[in-house]
Amino acid sequence: VQLQASGGGLVQAGGSLRLSCAISGRPLSSYAMGWFRQAPGKEREFVAGIVWSGTMTAYADSVKGRSTISRDNARNTVYLQLNRVKFEDAAIYYCAASNHPYSRSSSPSEYDDWGQGTLVTVSS
């Protein structure tokens, strides 16, 4: 399976961004999905997770209330919408797939496949 994240770039603080993650090789419906991020000098951290059906989600406290994870299994794509972007949101964002379809785990070790990452930079 391959995951391709996109949608990163330069965003102004207070603005919004939408990241996409396209999966190929197996149907997206086979997986629970997660978004993680890693800022320079920091460990990779969980951002959001969604079960295979899209009916249950989980969010890190740092993005709760201003972020939405969603999925379109027919398009084999997962999305992360982030609003009211903050400087501390700047990071490389990774999408990840878990073979446990009901997982919303925040642990990177629970995910089996990873995309290459897309860089988000926040400006003033």
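Here, each number is a calculation from the coordinates, and none is a lab measurement. The model shown is predicted, which means the values in this text are computed figures rather than measured ones. Backbone-built Cβ (ideal geometry, glycine too); neighbour counts: all protein chains shown.
General remarks:
- Pairwise FRET efficiency - ARG66 versus SER30, Cβ, R0 = 25 Å, nearest 0.05: 0.30
- Convex hull of the chain built on C-alpha atoms - directionally averaged projected area, nm²: 6.6 nm²
- Counted residue by residue at 0.36 nm each, then reduced by the alpha carbon distance between them, the extension gain from ASN73 to THR55 reaches 5.3 nm.
- Each of LEU80, SER107, ILE23 was placed along the dipole of the chain (beta-carbon charges, centred on the mean Cα), and the one lying farthest toward the positive end is LEU80.
- When DSSP beta bridges are restricted to pairs lying wholly in the chain, around 90% turn out antiparallel.
- Normalised by the number of residues in region 23-78, the mean separation of alpha-carbon contacts (under 8 Å, six or more apart) gives a relative contact order of 33 percent.
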